[in-house]
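Below: one structure, written as structure tokens.
Where a number appears in this text, it was derived from the coordinates with a stated rule and is not lab data. Quantities reported herein were computed from a predicted structural model and do not represent experimental measurements. Quick reminder, even Gly has a Cβ in these numbers, built from the backbone with ideal geometry, and neighbours come from all protein chains shown.
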Amino acid sequence: MPDSLVTDPAAELEPEPITAVPLRRPGRWLAAGVLIVLLALFVYGAKTNPAYRWDTYRKYLFDSRISHGALVTFELTVLAMSIGVALGMVLAVMRLSPNPVLRAVSWLYLWIFRGTPVYVQLLFWGLFTSLYQTIDLGVPFGPQLLHVNVQNWSQPFVFAMIGLGLNEAAYMAEIVRAGINSVGDGQREASIALGMSWGQTIRRTVLPQAMRVIVPPTGNELISMLKTTSLVTAIPLTTELYGVARTISGANFQPIPLLLVAATWYLAITSVLMIGQHYLERYYSRGVSRQLTARQLRAMTQVHEIGK
């Protein structure tokens, strides 16, 4: 009997391959088409609407006063956020301290600064020089250790930085406390069992794991701080981005294009900060995701080539 007429019994038992037909989703395509049409209509309407004054928008988009205002906004954001993060970590440690006085002081700080609007707080900082002309520290009825004349300070920027930083510290304290509490006690106990000191346990075990919880909301707080700087007009500080745009619009009576210019700069700075946040989150999420990084894939390839 020729071999072509011999049939393999195993091949007869194999099922026929399934022809997979992708599930059609007409509603999804219809919704996307409607949204694209609406977006195109909005863009066309905004482009042809003379009230937007696109010529004024292009004129002031890269104006030196606007770019300087953006720089002041960025500096104010970074400095206020630095104060907020540093003071927030101190307040978080105080909240977790077994000392009842430290816990009470930290709770009182958070209660005041989270319970009052930041705009009201900035108004108080704007009136600080009306409340205090000098700051003196020393021993009661004794020698004076420190004397500061508040009137000599560069008041608007300094008070805006302090006001925003102290307000942000109240929120950062809760973020840091939540991050530290997210690390299980077993991690600390295991580190101590391995002979680590308290500092080594915090630095090598607790903080790397807590940062996965702390970094994402901190990035959101940083972006929120960037936009909150527009409230420093309460002090008043008018050299930041929104203040400069408002000053120019007050002179040419064209607020809409100047608001668009300010919004464009805010979006640009926010986009840069979001890129930095993405890489920082990816750095601290190493070991959590099952997806291998490029570096890990290269290492596995090298090990495989050596084993051949």
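Data for the structure
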| item | result |
| --- | --- |
| Three-way shape label, segment 31-108, alpha-carbon gyration tensor, a/c 1.5 | oblate |
| Net length gained if the chain between Arg65 and Thr19 were fully extended (0.36 nm per residue, minus Cα distance) | 10.1 nm |
| Mean separation of Cα contacts under 8 Å (6+ apart) over length of the chain, as relative contact order % | 24 |
| Label assignment, Rg and Dmax of the Cα atoms in Å derived from the structure, set [x] 18.9, 63; [y] 29.8, 121; [z] 24.4, 76 | [y] |
| Virtual spin-label span in nm between Val37 and Val158, 7 Å along Cα→Cβ | 6.1 |
| Calculated FRET value between Glu174 and Asp136, using beta carbons and R₀ = 30 Å, to 0.05 | 0.35 |
| Electrostatic dipole magnitude of the chain [Cβ: Lys, Arg +1; Asp, Glu -1; Cα centre; debye, to 20] | 560 |
| Relative contact order, percent, segment 137-211 [alpha-carbon distance under 8 Å, six or more residues apart] | 23 |
| Segment 57-96 - convex hull of alpha carbons, volume per residue in Å³ | 52 |
| Modelled FRET efficiency - R0 41 Å, Leu146 with Ile275, Cβ distances, 0.05 increments | 0.45 |
